[in-house]
Amino acid sequence: MTTGPGHQVAHQVAIVGAGFSGLCMAIQLKRDGVRDFVVFDKGADIGGVWRDNVYPGCGCDVPSHLYSYSFARYAGWSRAYPKQREILDYLHRCVRRWKLGPHLRLGTEIVAAHWEPQERLWRLRDAAGSEYTARVLVCGVGQLNRPRYPSVAGRETFAGAAFHSARWDAAWPPEAFAGKDVAVIGTGPSAVQFVPEIARYARTLYVFQRSANWVIPKYDYAFGPLARRAFRTVPGLRLAMRGFMYAVVGETLLYSAIAGSPLGRVVQKFSTRHLNKQIPDDADLRAKLTPDFPIGCKRILISDDWYPALARDNVEVVTEPVTEVTTGGVRTADGRERDVSVLVYGTGFRATEFLAPIDIVGRDGVRLQDRWREGATAYLGIAVPEFPNMFLLYGPTTNLGHNSVVYMIESQVRYIMSWLRAARNGQVEVAEGALARYDATMRRLLSRTAWEGGCTSWYMTAGGRVVNNWPLRSYRYRMATSRPRARDFLVP
Ligand code: NAP
């Protein structure tokens, strides 16, 4: 297509990221008859976090029948909660079903995207220096793709094997931990999944815990052949399962914890009961594992085997703060050093630095990272003033602590598709006033949630602002994004 005299636009739409978000966008473009789009990803495969996270025990704590696209419900899930490999296979099946292969540009890291006002297009550059142009830019790079290492002295001096959970060293399957003394720093959702796997093999496992978390049971189980057949053949069964998980478990029970409602206190009691039941005879350990903040402030952990792993004789939960990594171990504030030969960082991601390190420059030379110095913000988490024809997927204020993020992503893709249909060859840009109003509402609503209830988490910037999460029930987001409001946008 042509947007100005002599300026050939290489692509109608450029999508950055081939994870759940980017692929969802690509599929909907394809279903809508748009053929001229490309999907860039820095990785050698699709899948985003489900490609990167291959630590032992990696899976999703959202039920299988809910953690999938609504338009591609899958009958063949092997268990109630999907494992990493099964989710990655599911995404590969989607790529094949919608014949996305020719649109993928894998191993292509986009490092810069600049808006060209004359030509009204985005000029993208990859790490190898090649350039691409597109009328519309859709960023689906996720929130959890850049590992965060603790800023502890001596980290680089450690002489043994050391790696982050999201960059698991393939030379270290669980059995390789046999006879080893191992340290794990961090006790978040990732550690909760891999610690039980390696605890079975390690000679000694020290789990360095800065904060205890609220944990509820997962009740995970494998679907038998009968159940799987039923999911395949009984009309409406998959949808009913999905609906139950979405409405009852997510929107009602888990949301109540975030909203700090009386039902949330019941969930907290349920969590305490889970702890008491799984560690009945060690009051000291129970005390260490009891959080000092209300439930919902950090992500609630969902696990059947975390507490039993920590109660093992070969496992010690260390609550003294880590002060130093030495050549041979980890030192804590009390001066004690624990000798280990393997050190695993389960310390999370640089989640509040949205879209970093891509250099995105919009209208009038404005840099996105400058606009976001006080914290990332986007209208509905999707659009940013001064950045025409640019849309974000899973952007600021769209993460959930209680339900499937795939639901949010689908809401965003529908919304963007409406805009693309309405302004097929034009230019759209959200108005400053619309973002200011949205922001004020978000700040007011977020301040009432448990996330700002006295703990720190990856949802917060260093300045103490929660920027990642959507504060209401997720169906409210679906409603808010049901149709673009023309008055919130500038359409030249
Ligand atoms: P995380 O939730 O950010 O947890 C990081 C852990 O490392 C926390 O326990 C943190 O303690 C600890 N930590 C960080 N710096 C430390 C230091 N200097 N010393 C001691 N401890 C330190 O990271 P994550 O477990 O990788 O999970 C991140 C997100 O990924 C999750 O919230 C979730 O959204 C997603 N995820 C999802 C699943 C799933 O099943 N759906 C599974 C894994 C991950 P503090 O709590 O004190 O900060």
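Odds and ends about this structure:
- Qualifying residue in segment 377-398 (condition: at pLDDT 95 or above, open to solvent by 10 Å² or more (accessible area, probe 1.4 Å) and within 13 Å of the ligand (Cβ to nearest atom)): yes
- So ARG331, is it in contact with a helix residue (DSSP H, G or I) (Cβ under 6 Å, 6 or more places away or on another chain), open to solvent by 40 Å² or more (accessible area, probe 1.4 Å) and over 30 Å from TRP372 (Cα atoms): no
- Screening ARG105, ARG148 for residues that are within 16 Å of the ligand (Cβ to nearest atom) and open to solvent by 20 Å² or more (accessible area, probe 1.4 Å) leaves exactly one candidate, ARG148.
- Among the residues of segment 277-299, those that are open to solvent by less than 30 Å² (accessible area, probe 1.4 Å), part of a loop (DSSP other than H, G, I, E, B) and out of contact with any Pro (no Cβ under 9 Å at 6 or more places or on another chain) comprise LEU289, PRO291, PHE293, ILE295, GLY296.
- Comparison of TYR69, TYR55, TYR81 shows that the only residue that is among the aromatic types (Phe, Trp, Tyr), within 13 Å of the ligand (Cβ to nearest atom) and within 20 Å of MET408 (Cβ to Cβ) is TYR81.
- Residue selected from segment 403-452 under the condition of a type in the set (Phe, Trp, Tyr) and within 19 Å of GLN28 (Cβ to Cβ), by the criterion farthest from the chain's Cα centre (by Cα): TRP419
- Flag if ALA153 is within 14 Å of the ligand (Cβ to nearest atom) and open to solvent by less than 50 Å² (accessible area, probe 1.4 Å): no
- Whichever residue in segment 353-371 is in contact (Cβ under 8 Å) with a residue 12 or more places away in the chain and open to solvent by 40 Å² or more (accessible area, probe 1.4 Å) and, among such residues, is farthest from GLY129 (Cα to Cα): ARG371
- Filter pass, GLU337 being open to solvent by 10 Å² or more (accessible area, probe 1.4 Å), farther than 22 Å from GLU429 by Cα and in contact with a Ser or Thr (Cβ under 8 Å, 6 or more places away or on another chain): yes
- Restricting PRO291, PRO321, PRO262, PRO280 to residues that are out of contact with any strand residue (DSSP E or B) (no Cβ under 7 Å at 6 or more places or on another chain) and touching a residue at least 40 places away in the same chain (Cβ under 8 Å) narrows the list to PRO291.
- Scanning segment 208-253 for residues that are assigned to a helix (DSSP H, G or I) and open to solvent by 20 Å² or more (accessible area, probe 1.4 Å) yields a total of 23.
- Qualifying residues in segment 300-328 (those that are away from the ligand (no atom under 14 Å from the Cβ) and open to solvent by 50 Å² or more (accessible area, probe 1.4 Å)) - the one farthest from VAL266 (Cα to Cα): THR327
- Flag if LEU263 is modelled with pLDDT of 95 or more, within 28 Å of CYS60 (Cβ to Cβ) and assigned to a helix (DSSP H, G or I): no
- The single condition from (1) within 29 Å of LEU106 (Cβ to Cβ); (2) outside the structural domain of PRO117 (by TED's automatic domain parsing); (3) not hydrophobic (A, V, I, L, M, F, W, C) that ARG135 fails is (2).
- Meets criteria (in contact with a strand residue (DSSP E or B) (Cβ under 8 Å, 6 or more places away or on another chain), at pLDDT 95 or above and under 20 Å from LEU420 (Cβ atoms)) for LEU23: yes
- Selected residue [of a type in the set (Asp, Glu), free of Cβ contacts under 8 Å to residues at least 12 places away in the same chain and outside the structural domain of VAL111 (by TED's automatic domain parsing)] from ASP313, ASP334, ASP304, ASP339: ASP313
- Filter pass, ALA176 being more than 14 Å from the ligand (Cβ to nearest atom), open to solvent by 40 Å² or more (accessible area, probe 1.4 Å) and not in a strand (DSSP E or B): no
The values are calculated or read from the model by the stated rules, or taken from the named source; none is laboratory data. Just so you know, these numbers come straight off a predicted model, no measurement behind them. For neighbour counting, all protein chains shown are included, and Cβ atoms are generated from backbone atoms with ideal geometry for every residue, glycine included. Just so you know, the surface numbers come from the protein's heavy atoms only, side chains and all, with ligands and any DNA or RNA stripped out. Shrake-Rupley method; radii C 1.70, N 1.55, O 1.52, S 1.80 Å.
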